[in-house]
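Let me begin by presenting the structure, written as structure tokens, before commenting on it.
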Amino acid sequence: GRVEIVGFPLLTLVARAFQVQIQQVDMRGLGGDQYFGVEAKMPDGATPAQMPQMLQAMLEDRFKLAFHRETREYPVTVLTVGKGGMKLPRFPEGTKPSSSNSGSTTTTIGTVASLFPVLNSFGGFTQMVDETGLDGMYKFEVTLQPAAGRPFQDAMRESFEAMLDAAGLKWETRKDR
């Protein structure tokens, strides 16, 4: 019956309220990077599915948020299965996600979609779209290649690309609406 959202940027709250990706929200000059907390009591009989509408109403009331929707083309990064197919075996049903580090190697057991936050952390990516059609859990290993005079982000990206290639996955950037 209670909702508590602590320490989220206004931009994230708006994205959640309108059920869009953060990259689809344009709040230039409106303090979208300021952090806020929300504490609220759900009305009797309210369902979690109604939460976005209630969050929209709160943003309109408390922040005097005015909005409009428009269709724009924007770049998306699409993850697909490569020509040779997925090369990693699928873990049995019920396998729990996990992650571990050993030296320069990070091992993750998770879904294909669990890679998206990692990909985004390397920078230069846009909204991620999973077009692999794969479900279930897989083991992904990324070994950081030494930067050797290159920017760290480039070394990380190349290491991740090598892992995707070894897994039989590929990504491409294209325009979407």
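With a Förster radius of 45 Å applied to the beta-carbon distance between residue 144 and residue 68, the computed FRET efficiency rounds to 0.55.
A simple charge model with +1 on the Cβ of Lys and Arg, -1 on the Cβ of Asp and Glu and nothing else charged puts the dipole of the chain at about 80 debye relative to its Cα centre.
Please give the net charge around residue 136, taking every other residue with its beta carbon less than 12 angstrom from that of residue 136, where Lys and Arg add +1 and Asp and Glu add -1. Net charge around residue 136: 0.
Between amide H atoms placed 1.01 Å from N, distances below 5 Å from residue 65 occur with 60, all of them 5 or more places distant or on a separate chain. Checking a compactness column here: for the stretch 61-171, what do you get for Rg(Cα) / (2.2 N^0.38 Å), N being the number of residues? Ratio of Rg to 2.2 N^0.38 Å for the stretch 61-171: 1.29. Among residues other than residue 165 whose Cβ falls under 15 Å from its Cβ, what is the net charge (Lys/Arg +1, Asp/Glu -1)? That sum, taken over residues with Cβ under 15 Å, equals 0.
Using the 1.4 Å probe convention, the accessible area of the stretch 30-158 works out to 65 Å² per residue with neighbouring protein chains retained. All other residues with a Cβ under 14 Å from the Cβ of residue 104 taken together, and with Lys, Arg as +1 and Asp, Glu as -1, what is their net charge? So the environment of residue 104 carries a net charge of -2. Across the stretch 4-84, Cα-Cα pairs more than 22 Å apart make up 35 percent of the total. In this structure, the amide hydrogen of residue 87, modeled 1.01 Å from its nitrogen in the peptide plane, lies closer than 5 angstrom to those of 168, counting only residues at least 5 positions away or on a different chain. Taking the 1.4 Å solvent-accessible surface of the stretch 13-150 as the whole, the part contributed by carbon and sulfur is 52%.
The values are calculated or read from the model by the stated rules, or taken from the named source; none is laboratory data. The structure displayed is predicted, hence computed values, not measured ones. Please note: Cβ atoms are built from the backbone with ideal geometry, for glycine as well, and neighbour counts cover all protein chains shown. These accessible areas exclude ligands, DNA and RNA; they are computed on the full protein's heavy atoms, side chains included. Shrake-Rupley method; radii C 1.70, N 1.55, O 1.52, S 1.80 Å.
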